[in-house]
Amino acid sequence: MSQPNTVVFDVGRVLYRWQLSGLLEKVVDDPVRLAFALEHVVTEEWHFRADQGERVADMVPQRIAEFPEYEDALHAYATRFNESIPGPVEGSHELVERLDAAGVPLFALTNFGEEFWAGFRPTAPIFDRFRDIIVSGTERVAKPDEAIYRIVEQRSGRAPADLFFIDDNAANIAAAEARGWTGHLFTDADALEADLVARGFLPA
């Protein structure tokens, strides 16, 4: 069995922190209304529709019609999404830099709305080190659907056994491993570094 030689990173909660509440708490002052908005209005489950390729310009007016009293929060979601991404995950970018310096081919596979990615990518120069980034909203299919893993294989030109995939979601890892990828369920940069060293991607 060949060892993986190419690293595929997830983005949210692996390379960058992501928290919808960080944005909404700037817009919704009342704690009761904020809790309701996070549980029922601007939820991660609803947001996943953007990851799957639905246009934000369609999603938001529909949601405002359901929850008109939260129009301010929904407009903020549509126009200020980068404020839900407060910064890098500690230690992860340093690992990307070290892998790149070692000549390891880097790719990214992210569940991310197409419009949101277009607004976020210019703020994130770390991705200049990646050979390609597969964005679910652009492909209109999201992890853990098998189809998006096939897209990575096709775009990267790598066989499943070549790919080492880092993601914080166990279902996404399981779907990758079902195709023959090697998975690492991300918890923190220290544990990832140890795994990268053990597999020979980085020197001890």
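Filter the stretch 67-98 down to residues that are out of contact with any Phe, Trp or Tyr (no Cβ under 6 Å at 6 or more places or on another chain), in contact (Cβ under 8 Å) with a residue 40 or more places away in the chain and of a type in the set (A, V, I, L, M) and give me whichever is surrounded by the most Cβ atoms within 10 Å (Cβ to Cβ).
Restricting to residues being out of contact with any Phe, Trp or Tyr (no Cβ under 6 Å at 6 or more places or on another chain), in contact (Cβ under 8 Å) with a residue 40 or more places away in the chain and of a type in the set (A, V, I, L, M), the top hit is ALA73.
Report the residue count in the stretch 41-53 for those that are open to solvent by 60 Å² or more (accessible area, probe 1.4 Å), in contact with a helix residue (DSSP H, G or I) (Cβ under 9 Å, 6 or more places away or on another chain) and more than 13 Å from TYR77 (Cα to Cα).
Of the residues in that region, 2 qualify.
Please identify the pairs in which a residue from the stretch 193-204 that is without any contact (Cβ under 8 Å) to a residue 24 or more places away in the chain and surrounded by fewer than 17 Cβ atoms within 10 Å (Cβ to Cβ) has its Cβ atom under 7 Å from the Cβ atom of a residue that is of a type in the set (A, V, I, L, M, F, W, C) and not in a helix (DSSP H, G or I), counting only partners at least 6 apart or on another chain.
Cβ pairs passing all conditions: VAL197/ALA204.
Got at least one residue in the stretch 119-136 being crowded, with 18+ Cβ neighbours inside 10 Å, over 12 Å from VAL8 (Cβ atoms) and in contact (Cβ under 8 Å) with a residue 40 or more places away in the chain?
Checked the stretch 119-136: at least one residue is crowded, with 18+ Cβ neighbours inside 10 Å, over 12 Å from VAL8 (Cβ atoms) and in contact (Cβ under 8 Å) with a residue 40 or more places away in the chain.
Against the condition over 23 Å from LEU24 (Cα atoms), touching a residue at least 12 places away in the same chain (Cβ under 8 Å) and assigned to a loop (DSSP other than H, G, I, E, B), how does ARG158 come out, does it pass?
So ARG158 passes the test.
Evaluate the following for ILE166: is it at pLDDT 95 or above, in a helix (DSSP H, G or I), in contact with a Leu (Cβ under 8 Å, 6 or more places away or on another chain) and among the hydrophobic types (A, V, I, L, M, F, W, C)?
Considered against the rule, which asks whether it is at pLDDT 95 or above, in a helix (DSSP H, G or I), in contact with a Leu (Cβ under 8 Å, 6 or more places away or on another chain) and among the hydrophobic types (A, V, I, L, M, F, W, C), ILE166 comes out as no.
For ALA101, are the conditions met, namely being under 18 Å from PHE48 (Cβ atoms) and without any contact (Cβ under 8 Å) to a residue 60 or more places away in the chain?
So ALA101 does not fit the description; no.
The rows are residues; the columns are (1) under 26 Å from PRO144 (Cα atoms); (2) touching a strand residue (DSSP E or B) at 6+ places or on another chain (Cβ under 8 Å).
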{"residue": "SER2", "(1), (2)": "yes, no"}
{"residue": "VAL8", "(1), (2)": "yes, yes"}
{"residue": "VAL11", "(1), (2)": "yes, yes"}
{"residue": "LEU15", "(1), (2)": "yes, yes"}
{"residue": "SER21", "(1), (2)": "yes, no"}
{"residue": "GLU25", "(1), (2)": "no, no"}
{"residue": "LEU38", "(1), (2)": "yes, no"}
{"residue": "VAL41", "(1), (2)": "yes, no"}
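Please enumerate the residues belonging to the stretch 11-40 that are closer than 16 Å to ALA142 by Cβ and open to solvent by 10 Å² or more (accessible area, probe 1.4 Å).
GLY12, ARG13, TRP18
Would you check which residues across the stretch 175-187 are under 15 Å from the mean Cα position of the chain (by Cα) and open to solvent by 40 Å² or more (accessible area, probe 1.4 Å) and list them?
Within the stretch 175-187, LEU185, THR187 qualify.
Of the residues PRO160, PRO122, PRO144, which single one is over 25 Å from ARG199 (Cα atoms) and either among the β-branched types (Val, Ile, Thr) or out of contact with any strand residue (DSSP E or B) (no Cβ under 7 Å at 6 or more places or on another chain) (or both)?
After applying the criteria, what remains is PRO122.
Mind listing whichever residues of the stretch 137-155 are buried (at least 21 other Cβ atoms within 10 Å of the Cβ) and either on the phi > 0 side of the Ramachandran plot or in a loop (DSSP other than H, G, I, E, B) (or both)?
Selection gives ALA142, LYS143.
Run down ARG98, ARG80, ARG63 and say which single residue is among the basic types (Lys, Arg) and under 25 Å from GLY183 (Cα atoms).
Of ARG98, ARG80, ARG63, the one residue that is among the basic types (Lys, Arg) and under 25 Å from GLY183 (Cα atoms) is ARG98.
The values are calculated or read from the model by the stated rules, or taken from the named source; none is laboratory data. As the structure is a prediction and not an experimental result, all values here were calculated from the model. Cβ coordinates were reconstructed from backbone atoms using ideal geometry, including for glycine residues, and neighbour counts include every protein chain displayed. The area values use the complete protein model at the heavy-atom level, side chains included, leaving out ligands, DNA and RNA. Shrake-Rupley method; radii C 1.70, N 1.55, O 1.52, S 1.80 Å.
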